[in-house]
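Just below is one structure, and these are the notes that go with it.
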Amino acid sequence: MNLLVLIKCSLDVAEIKVDGASGRLILEGVPLRLGDVDKNVVEAAVRLKEKVGGKITAVSVGPKAAQDLFRDALAMGVDEVFLIEEPPNIPPDPRVLVRILEAAIQKLAPVDLILCGFASDDGYSFQVGPRLGERTGFPVISYARELEIEGIAVTALQDLEERQRRVKASLPAVVSIAEEAFKPRRITLMDALKAKKKPVTIWQAEGDLGLKESSYRLALGVKVQETRGVVTRRKQQMIQGDNPAEAADRLIDLLVGEGVLAERRRSDG
Amino acid sequence: MAEEQILTFSENSVLAAQLLGKAYRSTGSAAFVICGGIELPRGVRVDQVIKADAGHADAPSADEVVRVLTEAVRQYAPRVVLVGATKLGLEAAPRAAERLGCGYAAWAQDFVIEADGLTRVWVSVYSGMGTAEYHFAAETVIMTVPAGLFEPQAGEGDPLGIPLKIPMAASTLEVLETIPRQAQETGLEKARAVVDIGRGIKTQADIPLAEQLAQALDASLACSRPLASDLDWFEDWLGLSGQVVAPELLLAVGVSGAAQHIVGIRKARVIVAVNQDENAAIFTAADYGVVADLYAFLPLLTERLKQRQIHLP
């Protein structure tokens, strides 16, 4: 079984700050990390491999600096990583991304199952799985919580809003993993040591995948004009008190002062 | 049909009503695309209903919605298609856009159709931390729109029904089992006060602590994503991928303050945060913060509210 996991080193969104005065998003110095859902994706693949055997290949698109950030994925059970270096001067748009991933999938063929997260931590636009399904013509199962391989088919429990649904699709297929499904396993020291010997190969979109910049630039069709931070102005006033009861009373007084709560006066009742 | 036509689609009738309201106010006409068991929202202005025959009256599959949206765009060449940002919408809309090669904007907040053929779209980026402005040249732009942004347009009457032929295709997914969830009427959208709980509540048995506070305040109870999505204690959560609320008062209790959660609560007029960790991100998104063990603080706060006969104004 050739299992392909599409994983991403995302910006740590919790570290993104907004400059209150200018409304500028401060992205400089925000660290990259393997996304939370990406670890769930790796866990889902490793559990399948434990049952049916095979190989897990991870494919990622990102900056070269990400090459050291796949250690946890390799320690968890990924066999090999291909990092396709982000083309310079092209915005990291899902339209472009899926064309690069599609070329990588063709190069790594035959592939039985492609697993990805329902959305990345930073982009969070829910597009890669669905678009890749269209590009490859493979069936798409979105928001999977449980996965089984049965012969040449995959069954999954889909986590939808008003229902869960167990569905079956023939392989090869694209499956996106739901949020917080497949809790990642703990990594042992032995796993970490073994991971050091596993290969991380860097590919270039043009040199290794034969993709001309013009081919994916055309796919874009959109110009990003401006990106600004959402400025929230909150009082951020911390309430102190000698004891919790005093803090509770002080909080109530402040909320009454704001007019969001009211105190019934003795004369009212 | 008008060149600036807007089509709308959502299987969620609350969202559908909001999208139709926006379409009507933008172009003077509200058109709704329908298939399978989707129902027309009631009591709102709808001028045209484009009906695709899915051959059944069940909830449509993503495959079907992709075919319906693709065919509707091919036949009507609308400038904009507004799709509700539900899990179904977020899967089907980018697939239709990829199939058509047209524009797509996820998490659209607002848009303007310019006379010169430009469509400007403002979208949430970085999990709601920022807003980007996208420009699309003259072509169809499909957008997924979350709930709570646009007002429905009241109206009634008899919309014009137009059948839409969609090509038949074998389903790529075989449905083996459907497990319905109990629909919960939370009333969160209209709540004047909300108690919002997070992972600081350690077990399901501790939820009454927050419920008692909510009762004392006549507030609705809501939660952050892990409590619903991971632990299944609630049906829905507050945040970018969940519900957005705009109460007068929101008390976030044991909530860490992830960016995606803040998107769901930042419309509240006053936010109070109670958390044991003084460095929790929620305090930067709050008006008033109390660093306290919620297990000790909540019962006290509830008691003081009752003793002082505090109520919503």
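The values are calculated or read from the model by the stated rules, or taken from the named source; none is laboratory data. These numbers come from a predicted model, not from an experiment. So basically every Cβ, Gly included, is an ideal-geometry build from the backbone, and we count neighbours across all protein chains shown.
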statement: Residue hits (the stretch B:244-294; at the interface with chain A (Cβ under 7 Å from one of its Cβ atoms) and of a type in the set (Lys, Arg)) are B:Arg266, B:Arg269
message: Take B:Leu160 and tell me if it is surrounded by 14 or more Cβ atoms within 10 Å (Cβ to Cβ), of a type in the set (A, V, I, L, M) and either closer than 23 Å to B:Cys102 by Cβ or more than 9 Å from chain A (Cβ to nearest Cβ) (or both).
response: no
task: Please tell me if B:Glu235 is more than 22 Å from A:Asp122 (Cα to Cα), at pLDDT below 95 and surrounded by fewer than 24 Cβ atoms within 10 Å (Cβ to Cβ).
output: yes
field: Count - residues of the stretch A:252-264 that are touching a residue at least 12 places away in the same chain (Cβ under 8 Å) and more than 7 Å from every other protein chain (Cβ to nearest Cβ)
entry: 0
- request: Taking the options B:Pro159, B:Pro163, B:Pro146, name whichever one is of a type outside the set (Phe, Trp, Tyr) and within 14 Å of B:Val244 (Cα to Cα).
  value: B:Pro146
message: Yes or no: the stretch A:225-248 includes at least one residue that is in contact with a Phe, Trp or Tyr (Cβ under 9 Å, 6 or more places away or on another chain), surrounded by fewer than 13 Cβ atoms within 10 Å (Cβ to Cβ) and within 25 Å of B:Phe111 (Cα to Cα).
response: yes
query: Looking at the stretch B:192-200, is at least one residue in a loop (DSSP other than H, G, I, E, B), more than 13 Å from chain A (Cβ to nearest Cβ) and buried (at least 18 other Cβ atoms within 10 Å of the Cβ)?
result: yes
- prompt: When residues of the stretch B:273-287 are filtered for being over 15 Å from B:Ser224 (Cα atoms) and without any contact (Cβ under 8 Å) to a residue 60 or more places away in the chain, how many remain?
  reply: 7
- request: Within the stretch B:1-54, track down each residue that is surrounded by fewer than 17 Cβ atoms within 10 Å (Cβ to Cβ) and aliphatic (A, V, I, L, M).
  value: B:Met1, B:Ala2, B:Val14, B:Leu40
Candidates A:Asp242, A:Asp249 - the one that is over 22 Å from the mean Cα position of the chain (by Cα), more than 10 Å from chain B (Cβ to nearest Cβ) and closer than 30 Å to B:Ile310 by Cα: A:Asp242
- prompt: Does the stretch A:16-30 contain at least one residue that is of a type in the set (S, T, N, Q), within 14 Å of another protein chain (Cβ to nearest Cβ), out of contact with any helix residue (DSSP H, G or I) (no Cβ under 9 Å at 6 or more places or on another chain) and closer than 18 Å to B:Met129 by Cα?
  reply: yes
- prompt: Can you pull out the residues in the stretch B:266-313 that are under 19 Å from B:Ile207 (Cα atoms), part of a loop (DSSP other than H, G, I, E, B) and of a type in the set (A, V, I, L, M)?
  reply: B:Ala292
Residue count for the stretch B:51-72, restricted to those that are away from chain A (no Cβ under 14 Å), closer than 16 Å to B:Leu100 by Cβ and of a type outside the set (Gly, Ala, Ser): 2
message: Just to be sure I understand, how many residues within the stretch B:207-226 are modelled with pLDDT of 90 or more and either within 13 Å of chain A (Cβ to nearest Cβ) or in a strand (DSSP E or B) (or both)?
response: 10
- prompt: Residues in the stretch B:82-102 that are of a type in the set (A, V, I, L, M, F, W, C) and either more than 9 Å from chain A (Cβ to nearest Cβ) or over 15 Å from B:Ser241 (Cβ atoms) (or both): how many?
  reply: 7
field: So A:Leu108, is it over 17 Å from the mean Cα position of the chain (by Cα) and surrounded by fewer than 22 Cβ atoms within 10 Å (Cβ to Cβ)
entry: yes
Those strands (runs of 3 or more DSSP E) lying entirely in the stretch B:95-191 with at least 3 residues more than 25 Å from the chain's Cα centre (by Cα): B:160-164, B:174-180
task: Could you grab me the full set of residues in the stretch A:160-203 that are assigned to a loop (DSSP other than H, G, I, E, B), of a type outside the set (A, V, I, L, M), under 30 Å from B:Thr178 (Cα atoms) and free of Cβ contacts under 8 Å to residues at least 24 places away in the same chain?
output: A:Glu161, A:Glu162
task: With respect to A:Asp208, determine if the residue is within 24 Å of the chain's Cα centre (by Cα) and acidic (Asp, Glu).
output: no
